[in-house]
1. For region 155-201, enumerate the residues that are of a type in the set (A, V, I, L, M) and in a helix (DSSP H, G or I).
2. Quick one: Ala124 ticks every box in (1) at pLDDT below 95; (2) farther than 29 Å from Asp480 by Cα; (3) open to solvent by less than 50 Å² (accessible area, probe 1.4 Å) except a single one, so which number is it?
3. Looking at (1) assigned to a helix (DSSP H, G or I); (2) within 19 Å of Phe61 (Cα to Cα); (3) not aromatic (Phe, Trp, Tyr), which one does Thr92 not meet, given that it meets all the others?
4. Do we have Pro452 as modelled with pLDDT under 95, out of contact with any strand residue (DSSP E or B) (no Cβ under 9 Å at 6 or more places or on another chain) and open to solvent by 30 Å² or more (accessible area, probe 1.4 Å) here?
5. Going residue by residue through region 169-181, is there one that turns out to be farther than 14 Å from Val286 by Cα, crowded, with 24+ Cβ neighbours inside 10 Å and either free of Cβ contacts under 8 Å to residues at least 60 places away in the same chain or hydroxyl-bearing (Ser, Thr, Tyr) (or both)?
6. For Gly137, are the conditions met, namely being surrounded by 15 or more Cβ atoms within 10 Å (Cβ to Cβ), in contact with an Asp or Glu (Cβ under 6 Å, 6 or more places away or on another chain) and more than 19 Å from Ile208 (Cα to Cα)?
7. Is there a residue being within 30 Å of Ile297 (Cα to Cα) and touching a residue at least 12 places away in the same chain (Cβ under 8 Å) anywhere in region 121-128?
8. Only helices (runs of 4 or more DSSP H) wholly contained in region 336-444 count here; list those with 1 or more residues that are more than 22 Å from the chain's Cα centre (by Cα) and not polar (S, T, N, Q).
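The values are calculated or read from the model by the stated rules, or taken from the named source; none is laboratory data. Model, not experiment: these values are computed from the prediction. Here the Cβ is made from the backbone with ideal geometry for all residues, glycine too, and neighbour counts use every protein chain on show. These accessible areas exclude ligands, DNA and RNA; they are computed on the full protein's heavy atoms, side chains included. Shrake-Rupley method; radii C 1.70, N 1.55, O 1.52, S 1.80 Å.
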Amino acid sequence: MLLTKAPLTRWIALLGALGAVLLCPSPPARARAGEAAEEARVVETPLGALRGVAKDGVAVFRGIAYAKAPVGDLRWRAPQETAPWQGVRDATHFGAICPQPASAFYPQSAMNEDCLFLNVWTPAHARGAPVMVWIHGGSLVSGAGSDALYDGANFARHGVIVVSINYRLGALGWLAHPALSAESGANTSGNYGLLDQIAALRWVRRNINAFGGDPDRVTIAGESAGALSVICLLASDAARGLYQRAIAQSGYMITMPQMRDTTFVDWPDAEAAGLKLAQVLGASDVSSLRAAPAQRIVEASGRGYFPLPTIDGRILRRQLADTFDRGEQARVPILVGFNAGEIRSLRFLLPPAPVDAAAYTREIRARYGALADAFLEHYPASNIDESMLAATRDAMYGWTAEHIAIAQTAIAEPAFLYYFDHGYPAMDDPGFHAFHASEIPYVFGTTALTQPPWPPIPNTEQEMQMSAAMLGYWANFVSDGDPKTEGQAEWGPYDASRTYMAFAQAPHLAQAPP
């Protein structure tokens, strides 16, 4: 970002490849000999009864429809509320995942436009428990709440209910188009995936009591595009009151397309992007778009369309950075951070390297003028590769994390900043130290569920202690807004000394992130 003239669309579009490379869903863990058997567990929600399963003190309810997905003639509309039902509905299997590029991990057979499902892990006898709503990553192109790395059982053992959600992806979730705007009644379109997330939060507010949860102790949380979603929810008036805390892991607060404004050169306006996709599909009107098979739209989206939230003046009133700079975001505590090696697994995001230190220095001086000396001090020409990795990381993820910490502190809300700098031989030897998303299995306590090509996490005391510490910090933040865990360093809020928690070989408090 700092070292290339390529459009920002290319940078963010390439992030979608990460879903196929590292954020692939792991298969469910197999039961081991001697493990306790699952038993049926039924809850009575305001909409009807659900049958899940309970095991080892944790009850799980999978594939719950939190909204009626708008499909067919209703495609590209807000999600509809689910209707009550009679009898007991099965909630023992995950629901369909939202249409996305097919892969060995996300086969097309598992996809359906009727995909607005969520999953609940809860302590078996919970009452008034805190709730974490997890929003998956994948560049708004891929992913699902059913990914095994997001298994919430270990949070439930810490007294926290986890709700993981699906939301519409790609053009099916984020398309803006003049005809869609015209029929909306508000002259806007797009942001359907964000509306899905808000609908899931409303479902939680109305129904989580049935699972032993407290609707007034809800934390929204996510990583990568999930963290971008959290930032959007913090900025959106439509989500106010539906959560009390927030967690954003490796979020990126970039410039978003306007509904119909070409001020920002890197982006076409959102409606223009929709018209271009319709042209690729050969769709002359909205009826033709709605008649197109979902997978055909997914495939066509790969030819130049990339989903992002739209500044529509309604769901998102202004650019995210402007919202935070003006202090208009939600007044809630936040836990936010990024990883040391964000770009090490995303090297295709880097521009061609300058041929030598002299060329690097000339490029920086041409771009940064009076600020070039400061840039070169922080990202020196003596190690071009490391400087490019660090500069790109800081431009996207580091700046976002600390900017949010500064903004929340400015409105007198506690912000807890972290920097994940942890590695192990299978990760570090091939050069992927602390790569993008590598903190997730530590946070969820799912280190044993990673699958190739994820570098296998060794089953050692050090790795288990790191996971236990991070899970404890996160669970206590969800519980009462104070990330703490017994026997570990005390995590103070961000302040003028730029306090943050470093997760390296062991957690320790530090000042002024690198």
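1. Keep residues of region 155-201 that are of a type in the set (A, V, I, L, M), which gives 156, 160-163, 165, 169, 171-172, 175-176, 179-180, 182, 186, 194-195, 198-201.
Ala156, Ala171, Leu172, Ala179, Leu180, Ala182, Leu194, Leu195, Ile198, Ala199, Ala200, Leu201 - these are the residues of region 155-201 that are of a type in the set (A, V, I, L, M) and in a helix (DSSP H, G or I).
2. (2)
3. Going through (1) assigned to a helix (DSSP H, G or I); (2) within 19 Å of Phe61 (Cα to Cα); (3) not aromatic (Phe, Trp, Tyr) one by one, Thr92 breaks only (1).
4. It is true that Pro452 is modelled with pLDDT under 95, out of contact with any strand residue (DSSP E or B) (no Cβ under 9 Å at 6 or more places or on another chain) and open to solvent by 30 Å² or more (accessible area, probe 1.4 Å).
5. no
6. Criteria met by Gly137.
7. Residues of region 121-128 that are within 30 Å of Ile297 (Cα to Cα), as a first pass: none.
No: region 121-128 contains no residue that is within 30 Å of Ile297 (Cα to Cα) and touching a residue at least 12 places away in the same chain (Cβ under 8 Å).
8. Once the helices (runs of 4 or more DSSP H) in region 336-444 are filtered for at least 1 residues that are more than 22 Å from the chain's Cα centre (by Cα) and not polar (S, T, N, Q), what remains is 357-368, 372-378, 384-393, 399-410, 425-428.
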